[in-house]
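Enquirer: My questions will all concern the structure given below.
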2 protein chains.
Amino acid sequence: MDQACTLIGAKVAEWREMGLDPARCPVRDLLDRIGDRWSILLLTMLAAGPMRFNALARAVPDISKRMLSQTLRTLETDGLIDRTVEPTVPPRVTYSLTPLGKSLMPPLLGLITWAEQNHASVQAARQRMAAMVAAADAVGW
Amino acid sequence: MDQACTLIGAKVAEWREMGLDPARCPVRDLLDRIGDRWSILLLTMLAAGPMRFNALARAVPDISKRMLSQTLRTLETDGLIDRTVEPTVPPRVTYSLTPLGKSLMPPLLGLITWAEQNHASVQAARQRMAAMVAAADAVGW
DNA sequence: ATAGTAGGTATAGATTAGAGACCTAACGCC
DNA sequence: GGCGTTAGGTCTCTAATCTATACCTACTAT
């Protein structure tokens, strides 16, 4: 854990030394794409196997069709998923992970595991903070 | 990699079996917080050690003060970073990772490493897609 | 006296997300 | 024939969110 901190620190220092424009670094680029409400969620849904449009919509009930379609298109553009259309009537459109998309799964699994293990701690921190704010308000700060 | 897919698939199936409200699952909760343009970036900056407000602003030149302040507050609320004010005049405010925040670094390192290794592939995919769209446009699709 | 540093907040404008209606084409029901 | 459903989306309008910019207090250095 401390080792990870050191390694990340070293990477950041290295980017800075290289004079790498922070707005253009690979990590920023990745995060700007998959760092939204839906991308990672859809990728995890596809991890188990290919799914069709409406199956994804049912699996993630609170995504609008608009965002689903848009997010899938971005993931396709970035080469993380495949979109295959069967020319039946009506057409069936199936989405699946590409090898590149699959290669994202191990790091993603790490993040998911962390989230499961530490969710309670985050909740507790939020409640502590809410309590402090309430107390401060009560005193009229 | 395929193993990670299977594990993620199993987790998703498990959540579904538990009748877990998808909007309330721990992973969603995490992603809604740190899945924005700045949170992960600021956490990586703090990995190497504590930093003050303006040092962070200089390290991430394209963040506005407003978003910097807001994002730091959210991270503090979630217990990922500490905010310590030294009561000098003017006050010095230092931000640092909490143990919880540090525990996020190993999975984050995995993601960063993936981004570095696969950035070229993503770029290539984008260019392929752009070329296809251009070709389709040319034919008048 | 003027400018700069530190750590922000306030406000207005631009961007983006979400809700819901709508579309084509086929199929089943009565 | 008319109605509803499925599939895979698009279109439009509104609501939320981000960005840029100006501003603030209180000190320090020139």
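Enquirer: If you bin every alpha carbon distance in the range B:50-128 into 10 Å steps from zero, what whole percent lands in each bin?
Expert: 16, 33, 31, 15, 4, 1
Enquirer: Under a point spin-label approximation (7 Å from Cα along Cα-to-Cβ), what is the residue B:70-residue B:13 distance to one decimal in nm?
Expert: 4.1 nm
Enquirer: Could you put B:85, B:93, A:89 in order, starting from the residue whose Cβ has the fewest other Cβ atoms within 10 Å?
Expert: By the 10 Å Cβ count, ascending: A:89, B:85, B:93.
Enquirer: Residue by residue through the range A:17-30, which ³J(HN,Hα) values in whole Hz follow from phi under the Karplus form 6.51 cos²θ - 1.76 cosθ + 1.60 (θ = phi - 60°), with glycine and proline marked x?
Expert: 4, 6, x, 5, 4, x, 6, 10, 6, x, 5, 4, 4, 4
Enquirer: In addition: If you take each beta carbon of peptide B:5-17 and count the beta carbons of other chains within 10 angstrom, what is the mean?
Expert: Partner-chain Cβ atoms within 10 Å, mean over residues of B:5-17: 5.
Enquirer: What Kirkwood radius, in Å to one decimal, follows from the Cα pairs of the protein assembly as shown?
Expert: By the Kirkwood definition, the hydrodynamic radius is 20.5 Å.
Enquirer: While we're on this one: Which of the peptides B:96-107, B:48-59 is most tightly packed, and how do the rest follow, judged by the mean count of other Cβ atoms within 10 Å per residue? It would help to have the intermediate numbers written out before the result.
Expert: Working: B:96-107: 18.7, B:48-59: 14.5.
Answer by packing, highest mean first, reads B:96-107, B:48-59.
Enquirer: Across peptide B:97-104, how many C-beta atoms of other chains are within 10 Å of each residue C-beta, on average?
Expert: Neighbouring Cβ atoms belonging to other protein chains average 4 per residue here.
Enquirer: How high is the FRET efficiency from residue A:57 to residue A:133, r the C-beta distance, R0 35 Å, rounded to 0.05? Mind showing how you got there, number by number?
Expert: Values: r = 38 Å, r/R0 = 1.08.
Efficiency, rounded to the nearest 0.05: 0.40.
Enquirer: Semi-axes of the range B:13-57's equivalent ellipsoid from the Cα gyration tensor, sqrt of 5 times each eigenvalue, largest first, rounded to whole Å?
Expert: One finds semi-axes of 33, 10, 6 Å for the range B:13-57.
Enquirer: Under 5 Å between amide hydrogens, which residues at least 5 positions from residue B:52 or on another chain qualify, with H placed 1.01 Å from N in the peptide plane?
Expert: B:95
Enquirer: Hey, another quick one. In whole percent, what relative contact order does chain A give with Cα contacts below 8 Å and a gap of six or more residues?
Expert: RCO, chain A: 18 percent.
Enquirer: Per the helix-only calculation at 222 nm, which mean residue ellipticity applies to chain B, given -39500 (n - 2.57) for every DSSP H run of n ≥ 4 and division by its residues, nearest 500 deg cm²/dmol?
Expert: -21500 deg cm²/dmol
Enquirer: Tell me, A:17, A:86 in order of fewest to most beta-carbon neighbours within 10 Å?
Expert: The fewest-first ordering by Cβ neighbours comes to A:17, A:86.
Enquirer: Given H placed 1.01 Å from N in the peptide plane, which residues other than close sequence neighbours of residue A:92 have an amide H under 5 Å from its amide H?
Expert: HN-HN under 5 Å from residue A:92: A:86.
Enquirer: So, one more: Which listed residue (B:107, B:72, A:134) has the Cα farthest towards the positive end of the charge dipole for the protein assembly as shown, taking +1 on Lys and Arg C-beta and -1 on Asp and Glu C-beta about the Cα centre?
Expert: Result: A:134.
Enquirer: Here is a follow-up. Using the Kirkwood radius over Cα pairs, work out the Stokes-Einstein diffusion coefficient for chain B at 20 °C and 1.002 mPa s, in µm²/s as a whole number.
Expert: Taking Rh from Cα pairs, D becomes 116 µm²/s.
Enquirer: Here is a further query. Evaluate the distance, in nm, between pseudo-label points positioned 7 Å from the Cα of residue B:124 and of residue B:93 along their respective Cα→Cβ axes.
Expert: Going from the residue B:124 label point to the residue B:93 one covers 4.5 nm.
Enquirer: Now for a different question. Roughly what angle does helix A:105-139 make with the longest principal axis of chain A, taking Cα atoms, 0 to 90 degrees, to the nearest 10?
Expert: Compared with the principal axis, the helix lies near 40 degrees.
Enquirer: Rounded to the nearest 20 Debye, what is the dipole magnitude of chain B about its Cα centre when Lys and Arg each give +1 and Asp and Glu each give -1 at the C-beta? Display every interim value, and only then the final one.
Expert: On the way: 16 positive and 14 negative charges, 96 e Å.
That gives chain B a dipole magnitude of about 460 debye.
Enquirer: Return the average number of partner chain Cβ atoms within 10 angstrom of each residue Cβ along peptide B:39-48.
Expert: That average works out to 5.
Each reported figure results from applying straightforward, stated rules to the coordinates on display, with no laboratory input. These figures come from a predicted structure and were not determined experimentally. Counting neighbours? That spans all protein chains shown, and the Cβs are built from the backbone with ideal geometry, glycine included.
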